[in-house]
Amino acid sequence: MKISNVAKLTGVTVRTLHYYDEIGLLKPSEVTEAGYRVYNHKDLEVLQQILFFRELDFSLEDIRKIMQNPSYEKESALRKQKELLLQKRSRLGSLISLVDKTLKGEQDMSFRQFDTTKIEEAKKKYAEEARQRWGDTAAYAEYEKKSGSYSDAQQKSWMVRGR
């Protein structure tokens, strides 16, 4: 599937797909002689995972680190994503209820509905589980070494580009 078709199907812009390729987050399975990027079903599955993480406000760098970890397990990630999405849904439901109350003239100034602590704690737990599970392996050490140097270079690149 050509990049323009992927963009139409997913709602992700062609520019974003180019950027994901540039930073090594999502490489197309094929680049034609004419330079067209072609994505297969497996590439679309990866994109879906990226979009789940983005929906949960993970940075692109964190997504890349998680997904390129040699021990990354899609099914486990999906379970954790579901847990985080359910927490996010609950928080949004509370915010909607607060808006409704405010529209009715009720005064609720507790601000607890704006609290993202549980979601942030779950995201930190997710990262910590990965370190605990694979932190002592040679593959994880190599991954951390590579991702650390990538992160520094990428941050400089983003600052230059204004991203």
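At what distance in nm do the modelled label points of Leu44 and Ala7 sit from each other, each positioned 7 Å from its Cα along Cα→Cβ?
Taking the simple label geometry, Leu44 and Ala7 are separated by 1.8 nm.
Rounded to the nearest 0.05, what FRET efficiency do Ile96 and Glu120 give with R0 = 22 Å and r taken as the Cβ-Cβ distance? Could you check? Let's see the in-between values first.
Details: r = 21 Å, r/R0 = 0.94.
Plugging the Cβ-Cβ distance into 1/(1 + (r/R0)^6) gives 0.60.
With r as the distance between the Cβ atoms of Ala34 and Glu55 and R0 = 35 Å, compute the FRET efficiency 1/(1 + (r/R0)^6) and round to 0.05. Before the final figure, lay out the partial values.
Details: r = 33 Å, r/R0 = 0.96.
Efficiency at R0 = 35 Å is approximately 0.55.
Pop a pseudo-label 7 angstrom from the Cα along the beta-carbon direction at both Lys27 and Glu83 and give the gap in nm to one decimal.
Calculated label separation equals 3.2 nm.
State in Å² the accessible area per residue of region 55-136; use a 1.4 Å probe, count heavy atoms of protein chains only, and round to the nearest integer.
It amounts to 70 Å² per residue over region 55-136.
Semi-axes of the equivalent ellipsoid of region 1-83: what are they in whole Å, largest first, if each equals the square root of 5 times a C-alpha gyration tensor eigenvalue?
23, 13, 12
Charges at C-beta only: +1 for Lys and Arg, -1 for Asp and Glu. How large is the resulting dipole of region 1-57 about its Cα centre, in Debye rounded to 20? Walk me through the intermediate numbers first.
Details: 7 positive and 8 negative charges, 32 e Å.
Using Cβ point charges on Lys, Arg, Asp and Glu, region 1-57 gives about 160 debye.
Indicate the gyration tensor shape class of region 1-46 (rounded, prolate or oblate), computed on the Cα atoms with a ≥ b ≥ c the square roots of the eigenvalues: a/c under 1.5 is rounded; otherwise a/b larger than b/c is prolate and the rest oblate. Let's see the in-between values first.
Details: a/c = 1.21, a/b = 1.12, b/c = 1.08.
Here region 1-46 falls in the rounded category.
Considering only protein heavy atoms, what is the solvent-accessible area of Leu56 at a probe of 1.4 Å, reported in Å² to the nearest 10?
Here the accessible area works out near 10 Å².
The values are calculated or read from the model by the stated rules, or taken from the named source; none is laboratory data. Here the structure is a predicted model, which means the values were calculated and not measured. A quick note on method: Cβ atoms are made from the backbone with ideal geometry, for glycine too, and the neighbour counts reach across all protein chains shown. To get the accessible areas, we keep the full protein, side chains included, count just its heavy atoms, and leave off ligands, DNA and RNA. Shrake-Rupley method; radii C 1.70, N 1.55, O 1.52, S 1.80 Å.
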